[in-house]
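Following: one structure in structure tokens, then a few remarks.
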Amino acid sequence: MENHAALMEELNRYYAVWQETNYVYTEWAKAHGISVSCLLALTAIDEGGEDCTQKKISQRWLIPKQTVNMILKDFERQKFVELLPMQGDKRNKRIQFTAAGRAYADTILPELRKAELSVIQKMGLERMHRFSKDGALFIKLFQEAGGRNPNDADA
């Protein structure tokens, strides 16, 4: 069995990378005049297509529903989004950008994607693929070891 101290050292490195990743995205968002939660909501709406809802934004990015609600209310006040009734589901509303919202998102998201894609290009596609694959394996094994799956119905 591997040395406990070596395992703990690696776990602490993982924590540091996780925290630093959150920090760099938070700082990037702050430099663009928004919160990281707002940035993630913009991303979710941009990528959400016809079935983007408050619940899906909250679940995808692990942002509390109340926070998403506040962001959407602010976006509505600024006329960046409209909330439309969903066919067959009266409890949820579909979120989509207005023309003003699309213009606003287009001042932020392409710059974010450019930075992210530049990083992937510098890392190399193979290394990025391995990074994603290894992260997915960690999640799977953690869930098997007793961690909760965020997609469970009662999560």
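Overview of results
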| item | result |
| --- | --- |
| Of the criteria (1) within 30 Å of E10 (Cα to Cα); (2) touching a strand residue (DSSP E or B) at 6+ places or on another chain (Cβ under 8 Å); (3) among the small types (G, A, S), which one G124 fails | (2) |
| Residue match in segment 104-121 (condition: in contact with a Leu (Cβ under 9 Å, 6 or more places away or on another chain) and of a type in the set (V, I, T)) | yes |
| Pairs with Cβ under 6 Å, 6+ apart, first in segment 36-60 and among the small types (G, A, S), second open to solvent by less than 50 Å² (accessible area, probe 1.4 Å) | S37/I63; S37/T67; A41/I57; A41/I71; A44/I57; S58/V68 |
| Close pairs from segment 89-113: first open to solvent by less than 40 Å² (accessible area, probe 1.4 Å) and assigned to a helix (DSSP H, G or I), partner charged (D, E, K, R) and at pLDDT 95 or above, Cβ under 7 Å, at least 6 apart | A105/D46; L109/D46 |
| Residue satisfying all of: in segment 45-70; among the acidic types (D, E) and under 13 Å from the mean Cα position of the chain (by Cα); surrounded by the fewest Cβ atoms within 10 Å (Cβ to Cβ) among these | E47 |
| Some residue of segment 71-80 being of a type outside the set (V, I, T), in contact with a helix residue (DSSP H, G or I) (Cβ under 7 Å, 6 or more places away or on another chain), surrounded by 11 or more Cβ atoms within 10 Å (Cβ to Cβ) and assigned to a helix (DSSP H, G or I) | yes |
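The values are calculated or read from the model by the stated rules, or taken from the named source; none is laboratory data. These figures come from a predicted structure and were not determined experimentally. Every residue, glycine as well, gets a Cβ built from its backbone with ideal geometry; the counts of neighbours run over all protein chains shown. Accessible surface areas use protein heavy atoms only, side chains included; no ligands, DNA or RNA. Shrake-Rupley method; radii C 1.70, N 1.55, O 1.52, S 1.80 Å.
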